[in-house]
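The values are calculated or read from the model by the stated rules, or taken from the named source; none is laboratory data. Values in this document were obtained by computation on a predicted structure and should not be read as measured data. All Cβ positions, glycine included, derive from the backbone under ideal geometry; neighbour counts span all protein chains shown.
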Amino acid sequence: MRVVLLAGGTGGGKLAAGLQDAIGPELTVIANTADDVDVHGLRVCPDPDLCTYWLADVIDEERGWGIRDDTPAVAERLERLGAPVWFELGDRDLATCIYRTHFLAEGGTLTDAQAQIARSLGARARVLPMCEQRVGCRVLTARGWRGLQEFLILDHGEGEISGVELPGIESATTTPAVREALAAAEVIVIGPSNPVISIGPILSVAGVRDALTTARAPVVAVSPLVGGRSMKGPTEAFLRALGRPVSAAGVASLYVGLLDAMVVDSGDPEPGPDAIPVLSRPTLMKDRETRRRLAEATLEFAAGL
C-alpha cells in the first residue's frame, strides 16, 4: 500500500514511525518547511529532520526533538565565544545541518539533501520537503511580530496570538517528487500536527490542494487533540487565533473540501465533524506499539472508505 503522510515534527513524526513499521518503504512523508531557520549560518529544517529522526529511530524521545545521546560540545563552545545559543542543537544534529547547508551551496536541492540524510541514517521511508522555495512563518503577539521559532522557544509558545503569516508562500510550488507521490498514493493521511503552522503551510503551497482534491486515494486526517487537548505545543492557541473551536471538528474545518474521513481520539469531549465518516479510537502515541496500532487502524479505516 503506497501511503503519503503530510506532517509537521512531533505528532506527524510519531505517526510516520508507526506507518513505517506497518508498511515499510511504501511510505512517503511530505514535511513542512515553513519553520526552517538559519542558525550559526546553517540551514536548519526542524520538521523534515524530526520526521527523519523518528523514522531512523534515533530521535531523543524524552525531549521530543534532536538525536538520542547527542553531545553539546559545539554549542557550549559557541556560547563561550559569545554566540547566541537559544536554538539548541547537539553536535550530531549540527552535522546534519552542516551537510545540508553545504549541499545547497553546491547547487543541490533541498529534496535531494533530505533524501541523502534519511538514507544515511537508515530510514526506510522517504521524507520530502514540501517545496524548494524558502518559506517562513511569523506570529503576531502582544510583543509584535515574532518568528515562529522565536515564539516557540524564546516566548515558550505563550501569549495570545492574533495573526499568522507565511512570508514567501506566494512563490512556493510543489516539487515533482511531491506531485508524483500524491498522484501515486493509495492512501493520503494528514498527520496529527498543528493544523495552522505545520499542515497549513503544506496545504498553502501552490498545487498541493489541487493534487489532494484530484487524487484517487482517500484523504484521512488524524486529529492532533487527545482528550480534547493538545499534547505538545500551542495548537489550541492557534485554533483560537483563527476563530476555530478547539476540537476535532475545529481542526477538520481547516481542511474543508479535502477530507474523506477523520480519526479522532475516543476521549475527546466534543463530537467529531459530522459531514464525513469518523473513527473514534485512542490516539495517544506513547510508545512504538501504540504508534503502530494507530497507524494500522488509520490504514484499515481508509481502506474501507
(message) Suppose the filter is of a type in the set (Ser, Thr, Tyr) and surrounded by fewer than 24 Cβ atoms within 10 Å (Cβ to Cβ); does Thr235 pass it?
(response) no
(message) Against the condition over 22 Å from Arg126 (Cβ atoms) and of a type in the set (A, V, I, L, M), how does Val189 come out, does it pass?
(response) no
(request) Just name the residue that is nearest to the chain's Cα centre (by Cα) out of those in segment 37-59 that are among the acidic types (Asp, Glu) and crowded, with 21+ Cβ neighbours inside 10 Å. (result) Asp47
(request) Evaluate the following for Leu259: is it assigned to a loop (DSSP other than H, G, I, E, B), within 20 Å of the chain's Cα centre (by Cα) and surrounded by fewer than 18 Cβ atoms within 10 Å (Cβ to Cβ)? (result) no
(message) Condition check: under 30 Å from Arg134 (Cα atoms) and over 18 Å from the mean Cα position of the chain (by Cα). Does Gly227 satisfy that?
(response) no
(message) Here are the criteria: (1) at pLDDT 95 or above; (2) in a helix (DSSP H, G or I). Tell me which single one Leu284 does not satisfy.
(response) (2)
(message) Would you confirm, using the coordinates I've provided, whether Asp70 is surrounded by fewer than 24 Cβ atoms within 10 Å (Cβ to Cβ), of a type outside the set (Ser, Thr, Tyr), outside any helix (DSSP H, G or I) and without any contact (Cβ under 8 Å) to a residue 40 or more places away in the chain?
(response) yes
(request) Look at Ile153 and say whether it is β-branched (Val, Ile, Thr) and surrounded by fewer than 17 Cβ atoms within 10 Å (Cβ to Cβ). (result) yes
(request) Please state which of the following conditions Asp21 fails to meet, knowing it meets all the rest: (1) surrounded by 24 or more Cβ atoms within 10 Å (Cβ to Cβ); (2) not in a loop (DSSP other than H, G, I, E, B). (result) (1)
(request) For Leu259, indicate whether it is under 17 Å from Ile23 (Cβ atoms) and either in contact with a Lys or Arg (Cβ under 8 Å, 6 or more places away or on another chain) or modelled with pLDDT of 95 or more (or both). (result) no
(message) I'd like the residue in segment 94-141 that is within 20 Å of the chain's Cα centre (by Cα), outside any loop (DSSP other than H, G, I, E, B) and among the small types (Gly, Ala, Ser) and, out of all such residues, is surrounded by the fewest Cβ atoms within 10 Å (Cβ to Cβ).
(response) Ala115
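Conditions (1) modelled with pLDDT under 95; (2) under 24 Å from Trp54 (Cβ atoms), marked per residue:
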residue: Ala123; (1), (2): no, yes
residue: Arg126; (1), (2): no, yes
residue: Glu132; (1), (2): no, yes
residue: Cys137; (1), (2): no, yes
residue: Leu154; (1), (2): yes, no
residue: Gly168; (1), (2): no, no
residue: Ala172; (1), (2): no, no
(request) Kindly list the number of the only condition in (1) in contact with a helix residue (DSSP H, G or I) (Cβ under 8 Å, 6 or more places away or on another chain); (2) buried (at least 19 other Cβ atoms within 10 Å of the Cβ); (3) within 20 Å of Ala295 (Cα to Cα) that fails for Val226. (result) (1)
(request) Can you work out which of the residues in segment 146-171 that are among the aliphatic types (A, V, I, L, M) and either under 17 Å from the mean Cα position of the chain (by Cα) or not in a loop (DSSP other than H, G, I, E, B) (or both) is nearest to Glu88 (Cα to Cα)? (result) Ile153
(request) For segment 159-170, state whether one or more residues are within 24 Å of Ile30 (Cα to Cα), touching a strand residue (DSSP E or B) at 6+ places or on another chain (Cβ under 8 Å) and surrounded by fewer than 15 Cβ atoms within 10 Å (Cβ to Cβ). (result) yes
